Amino acid sequence: VLVDCTAGEELPDRYAHLLVHHINVVTPNKRIQAGGADRFIGAKNAAKQTGAAFLYETSVGAGLPIIGTLNDLIRSGDEITSIEAVLSGTLSFIFN
């Protein structure tokens, strides 16, 4: 298991390679989602291909299981029409 608690670009660039080699990745590093879509999709596909865990939810909603919950709702056939929330204490502070 690789636990990446950095905020840099170097490790997210390697996630797909690690996942292909069955190394689980857990990270709050926002660079994987905020960078190029190809990098994020590549990491997700690598995890799906090998069954390795790719856990990146800790960077969303103060670590609440929002992404997993939304995926479960969609898989069960629910249609999500809107989402309203304050998911970032930092952004709330800045906006206020």
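Could you list all residues from region 20-32 that are in a helix (DSSP H, G or I), under 14 Å from the mean Cα position of the chain (by Cα) and either in contact (Cβ under 8 Å) with a residue 60 or more places away in the chain or under 20 Å from G51 (Cα atoms) (or both)?
Step one: list which residues in region 20-32 are in a helix (DSSP H, G or I), which gives 20, 31-32.
If we keep only those that are under 14 Å from the mean Cα position of the chain (by Cα) as well, we get 31-32.
Answer for region 20-32, where residues must be in a helix (DSSP H, G or I), under 14 Å from the mean Cα position of the chain (by Cα) and either in contact (Cβ under 8 Å) with a residue 60 or more places away in the chain or under 20 Å from G51 (Cα atoms) (or both): just I32.
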* Asked: Among the numbered criteria (1) at pLDDT 90 or above; (2) under 11 Å from the mean Cα position of the chain (by Cα), which single criterion is violated by L11?
  -> (2)
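Being among the basic types (K, R) and open to solvent by 60 Å² or more (accessible area, probe 1.4 Å), is that true of even one residue in region 32-42?
Residues of region 32-42 that are among the basic types (K, R), as a first pass: 39.
Next, from what is left, pick out any that are open to solvent by 60 Å² or more (accessible area, probe 1.4 Å): none.
No, region 32-42 contains no residue that is among the basic types (K, R) and open to solvent by 60 Å² or more (accessible area, probe 1.4 Å).
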* Where N45 falls short, out of the listed (1) at pLDDT 95 or above; (2) buried (at least 18 other Cβ atoms within 10 Å of the Cβ); (3) closer than 21 Å to P65 by Cα -> (2)
* Structure fact -> Listed by first then second residue, the pairs whose first member lies in region 68-96 and is on the phi < 0 side of the Ramachandran plot, whose partner is surrounded by fewer than 10 Cβ atoms within 10 Å (Cβ to Cβ) and modelled with pLDDT of 65 or more, with beta carbons under 8 Å and at least 6 positions apart or on separate chains, are L70/I80; L70/I83; L73/I80; I74/I80
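The values are calculated or read from the model by the stated rules, or taken from the named source; none is laboratory data. The structure presented is a predicted model; accordingly, all values stated were derived computationally and were not measured. Glycine also receives a Cβ, built like all others from the backbone with ideal geometry; neighbour counts cover every protein chain displayed. Just the protein is used for accessible areas: all its heavy atoms, side chains included, with ligands, DNA and RNA removed. Shrake-Rupley method; radii C 1.70, N 1.55, O 1.52, S 1.80 Å.
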